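Participant: Got a structure for you, questions after.
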């Protein structure tokens, strides 16, 4: 039983036939948003195309879900912002577009998929070990996308978040997973400074979403383990 760690969509495609469980780690902000919403009893349906409004509306209508708005257009509505979901009502069905976490969640095929973040790293590890049933585990840092060509932009918050989950799993690791674990343990005393000042953190803070960054930095405050079942993450 070995933990593997590879980046993004290519990592999912490389590992999904080799493992018993996949954990998607998108700290700013998909995985954090999923944990916040499902902890309150909501169902979160990932949708992979953030700007394809018409398809997202159709997909939301098909499952009776409320479509989350873009952060800048939300005006008090639900969005990818974890802060916007802090008061979400139990049993709400939320369609959550995201070009990273949602896209990867839906690329995992029939493999059980969890959404992991700093908030639920230790609690998630317990559920993942049980679900794996002795098979290997894949932890996938989502990363961001470069606007120039839509290629993967590695994101240190996802690398650190993946390392937190891998550390909590406490299982034999591939070299890549071992390096992620070491990165988390080395960064742990200064995670807040590192993530706030990383590119993704700075982008959100500059747009006025500092609270989202702070919520994402709350290590092990959640006992949730959001699992994708019938197209929706739920506790």
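Participant: Restricting to segment 221-235, count the residues that are in a loop (DSSP other than H, G, I, E, B) and modelled with pLDDT of 95 or more. Reasoning before the result, please.
Facilitator: Here is the first cut: in segment 221-235, the ones in a loop (DSSP other than H, G, I, E, B) are 221-226, 230-231, 235.
Filter once more, keeping what is modelled with pLDDT of 95 or more: 221-226, 230-231.
So the count comes out to 8.
Participant: So in segment 199-209, with the set limited to residues that are touching a residue at least 12 places away in the same chain (Cβ under 8 Å) and surrounded by fewer than 17 Cβ atoms within 10 Å (Cβ to Cβ), which one is nearest to residue 122 (Cα to Cα)?
Facilitator: Here is the first cut: in segment 199-209, the residues touching a residue at least 12 places away in the same chain (Cβ under 8 Å) are 199-201, 204, 207, 209.
Then keep just the ones that are surrounded by fewer than 17 Cβ atoms within 10 Å (Cβ to Cβ); that gives 199, 207.
Numbers: 199: 26, 207: 30 Å.
Per the stated criteria, the residue is 199.
Participant: For residue 79, indicate whether it is buried (at least 20 other Cβ atoms within 10 Å of the Cβ) and without any contact (Cβ under 8 Å) to a residue 24 or more places away in the chain. Don't jump to the end; show me each part of the working.
Facilitator: Details: buried (at least 20 other Cβ atoms within 10 Å of the Cβ): yes; without any contact (Cβ under 8 Å) to a residue 24 or more places away in the chain: yes.
The answer is yes for residue 79.
Participant: If residue 109 satisfies every condition in (1) under 18 Å from the mean Cα position of the chain (by Cα); (2) without any contact (Cβ under 8 Å) to a residue 60 or more places away in the chain; (3) surrounded by fewer than 16 Cβ atoms within 10 Å (Cβ to Cβ) but one, which is the exception?
Facilitator: (2)
Participant: Identify, by number, the condition in (1) surrounded by fewer than 16 Cβ atoms within 10 Å (Cβ to Cβ); (2) touching a residue at least 24 places away in the same chain (Cβ under 8 Å); (3) touching a helix residue (DSSP H, G or I) at 6+ places or on another chain (Cβ under 9 Å) that residue 134 doesn't meet.
Facilitator: (3)
Participant: Another one. Filter segment 165-196 for residues that are out of contact with any helix residue (DSSP H, G or I) (no Cβ under 7 Å at 6 or more places or on another chain) and more than 19 Å from residue 119 (Cα to Cα); which is surrounded by the fewest Cβ atoms within 10 Å (Cβ to Cβ)?
Facilitator: Of everything passing the filter in segment 165-196, 175 is surrounded by the fewest Cβ atoms within 10 Å (Cβ to Cβ).
Participant: Please list, ordered by residue number, the strands (runs of 3 or more DSSP E) wholly in segment 68-174 having 2 or more residues that are farther than 19 Å from residue 5 by Cα and touching a strand residue (DSSP E or B) at 6+ places or on another chain (Cβ under 6 Å). Explain how you work it out, then say what you get.
Facilitator: Details: elements: 93-97, 113-116, 137-141.
In segment 68-174, 93-97 are the strands (runs of 3 or more DSSP E) which contain 2 or more residues that are farther than 19 Å from residue 5 by Cα and touching a strand residue (DSSP E or B) at 6+ places or on another chain (Cβ under 6 Å).
Participant: Give segment 1-43 a look and list any residue that's part of a helix (DSSP H, G or I) and closer than 16 Å to residue 174 by Cα, or say none. Give the derivation first.
Facilitator: Residues of segment 1-43 part of a helix (DSSP H, G or I): 8-15, 30-39.
Scanning segment 1-43 gives 11, 12, 14, 15.
The values are calculated or read from the model by the stated rules, or taken from the named source; none is laboratory data. Note that the coordinates shown come from a computational prediction; the quantities given were computed from them, not determined experimentally. Ideal geometry is used to build each Cβ from the backbone, glycine not excepted, and the neighbour counts take in all protein chains shown.
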